[in-house]
Each structure stands twice: as structure tokens, then as C-alpha cells.
Amino acid sequence: MSGPNLRAIWAIYRFELHRFRRTLLTGLLVPVITTSLYFVVFGGAIGSRMTEIDGIPYAAFIVPGLIMMSMFTESIFNASFGIYMPKFTGTIYELLSAPVSAAETVTAYVSAAATKAFIVGIIIFATAHLFVDLPVAHPFAMIAFMILIAVSFCLFGFILGIWAQSFEQLQVIPLLLIMPMTFLGGAFYSIHMLAEPWRTITLFNPIVYLISGFRWTFFGKGDVGIGFSIAFIAAMLVLCLAVVGWVFRTGYRLKK
């Protein structure tokens with residue numbers, strides 16, 4: 001039994017990263033500017049009135065949320081656009097007829113998109129250090145969390161790219177679903193600050209568990225237990241893998 005086609009995986013991976021390098025300046029500059037603006041608005045204006053949350057300086061408290069918010073968007077956009085373009089141009093049929101398995105195709109596209117999202121996350125993390133003293137209680141857990149988030153949301157973006165039939169549909173879920181859920185998921189505040197029943201309602205927002213878990217890696221505390229956060233990420237990863245497997249088995253919006 002032959003092993004995975006590493007040459008094919010590497011070729012697709014390099015191709016996708018080359019597309020990222022063509023817009024490298026914009027891709028790196030935008031997160032820096034956006035993060036700086038968030039610190040000016042939230043860290044400066046709001047932070048001057050709300051100095052601490054759970055004993056954590058407000059400017060430091062919002063950093064995990066900023067990183068997660070950008071990684072959610074980058075992961076979904078990069079992965080969805082990466083697989084949508086071959087569909088749009090018709091080259092998807094060449095890929096499907098090539099001696100490359102579904103697992104190898106997904107691995108290449110998702111790995112490339114996750115790499116881009118991870119780089120953006122690290123850039124925001126480094127930019128945050130220019131504004132605030134940022135401790136990291138569990139550095140290895142932080143890196144692992146970023147990788148899992150990037151891979152999970154890239155898989156979600158991959159599914160979105162296959163489902164979408166227009167560029168407008170590519171933007172519907174990130175803009176109308178993920179972004180509002182992130183703002184309402186404790187990115188800039190603790191859900192414990194909310195009165196009932198809103199606090200309980202917020203717990204039905206899955207983004208809460210992701211941001212809370214990532215914040216735990218920084219400060220050793222979060223809005224929900226770290227076990228719940230890890231369980232949710234694992235469940236999301238398994239669900240996305242199952243959907244991707246179903247897509248390739250059935251040819252949903254791939255073979256017409």
C-alpha cells in the first residue's frame with residue numbers, strides 16, 4: 001500500500017502560499033493597522049474607564065479576542081477562496097482527475113490556509129506587545145490552541161468555498177454570522193459582566209468557548225472551563241472532517 005502523495009500536497013501547498021506572497025505587504029500590514037486601531041479605540045477610550053476585568057488590565061484582556069477574531073476571518077476567507085477559485089475557473093476538474101486523493105487535497109489546501117491564518121495571529125500577538133505588557137501563562141497551549149483554531153476554521157472555510165456559488169456567498173457567513181458572533185462572544189468583555197438572562201443566552205454562542213479557552217492560555221482563567229473549550233474545538237474539528245468526507249464521497253458541488 002503506497003503512502004500519501006507528498007509531492008502533490010507540497011505542490012498545492014506552495015501554490016497557495018505563492019498567492020499569499022503576492023499580497024504579502026497588504027496581508028501583513030492590515031492586521032498591524034487594525035490591531036493598533038482597536039487598541040486606540042478599545043484599549044484607550046474604553047480602557048481608561050474600565051481598567052481591569054477579573055484582575056486583568058483591560059488592554060491585555062482584549063488581546064486574545066483580537067487574535068481570535070482575525071484568525072477566524074483569515075482562516076475562513078483563505079480556505080474558502082482557495083478552493084472556490086478552482087471551481088470558478090474550472091480547474092477543479094483537473095484536480096479531481098489527478099492522482100491526488102481527497103485527503104491529500106484537503107490537507108494541502110487547509111494547511112496552506114492555516115499557515116496564513118497562524119502567521120496573522122502571530123503578527124497581531126507581536127503588535128499587541130507594542131501597546132501592553134502581555135503575559136502568557138501557557139505558551140505551548142497558546143500555540144496549540146492557535147493551530148487547532150486555524151485548522152478547524154480552515155476546514156469550515158473549505159466547506160464554505162465548496163458550497164458557495166458566487167463571490168457574494170463567500171462573504172455571507174463570515175460577515176453576517178461569524179463576525180457578529182465574535183463581537184457577542186466575549187472578545188472585548190467578560191460574559192460575567194452580563195445580567196441574566198443574557199449571560200445564559202450567550203453560553204449558546206460557540207465562539208464564547210473558543211475565545212475563553214484561548215484567553216485561558218494567556219491568563220490562566222476564562223469565562224468557561226478550559227475543558228469545555230477543548231471539547232468544543234474537538235467536536236468542531238470532527239464535524240468539519242465528517243462534512244468534508246461526505247462532500248468528496250458524494251461530489252456535492254464538485255462534480256456536475
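The values are calculated or read from the model by the stated rules, or taken from the named source; none is laboratory data. Not measured: the values here are computed from a predicted model. All Cβ positions, even for glycine, are placed from backbone atoms using ideal geometry, and neighbour counts span all protein chains on display.
For V41, are the conditions met, namely being in a helix (DSSP H, G or I) and modelled with pLDDT of 90 or more?
In short, no.
How many of the residues in segment 47-99 are more than 23 Å from the chain's Cα centre (by Cα), in a helix (DSSP H, G or I) and under 15 Å from I12 (Cα atoms)?
Counting residues in segment 47-99 that are more than 23 Å from the chain's Cα centre (by Cα), in a helix (DSSP H, G or I) and under 15 Å from I12 (Cα atoms) gives 6.
Mind checking which pairs have a first residue in segment 209-224 that is of a type in the set (D, E) and a second that is crowded, with 24+ Cβ neighbours inside 10 Å, Cβ under 6 Å, 6 or more apart or different chains?
Hits for this filter: D223/G186; D223/S212.
When you check I162 against the structure, is it part of a helix (DSSP H, G or I) and within 14 Å of the chain's Cα centre (by Cα), yes or no?
For I162, the condition - part of a helix (DSSP H, G or I) and within 14 Å of the chain's Cα centre (by Cα) - is not met.
Among the residues of segment 103-131 satisfying the criterion of being within 27 Å of F228 (Cβ to Cβ) and of a type in the set (V, I, T), which is surrounded by the most Cβ atoms within 10 Å (Cβ to Cβ)?
V110
Can you name the residue in segment 236-256 that is of a type in the set (G, A, S) and assigned to a helix (DSSP H, G or I) and, of all such residues, is surrounded by the fewest Cβ atoms within 10 Å (Cβ to Cβ)?
Step by step, filter segment 236-256, then rank; the result is A242.
Given F118, F125, F140, which one is within 10 Å of the chain's Cα centre (by Cα) and at pLDDT 90 or above?
Criteria check complete, one pass: F118.
Only one of (1) in contact with a strand residue (DSSP E or B) (Cβ under 9 Å, 6 or more places away or on another chain); (2) surrounded by fewer than 15 Cβ atoms within 10 Å (Cβ to Cβ) fails for E168. Which number is that?
All conditions are met except number (1).
Hey, any hits in segment 222-235 for a residue that's exposed (fewer than 13 other Cβ atoms within 10 Å of the Cβ) and over 15 Å from the mean Cα position of the chain (by Cα)?
yes
Are any residues in segment 184-204 free of Cβ contacts under 8 Å to residues at least 12 places away in the same chain and hydrophobic (A, V, I, L, M, F, W, C), and if so, which ones?
L194, A195, W198, I201, F204
On the given criteria, is F72 out of contact with any Asp or Glu (no Cβ under 9 Å at 6 or more places or on another chain), surrounded by fewer than 21 Cβ atoms within 10 Å (Cβ to Cβ), at pLDDT 90 or above and not small (G, A, S)?
no
Looking at segment 207-235, which of its residues are of a type in the set (A, V, I, L, M) and assigned to a helix (DSSP H, G or I)?
Within segment 207-235, I207, V208, L210, I211, I226, I230, A231, I233, A234, A235 meet the criteria.
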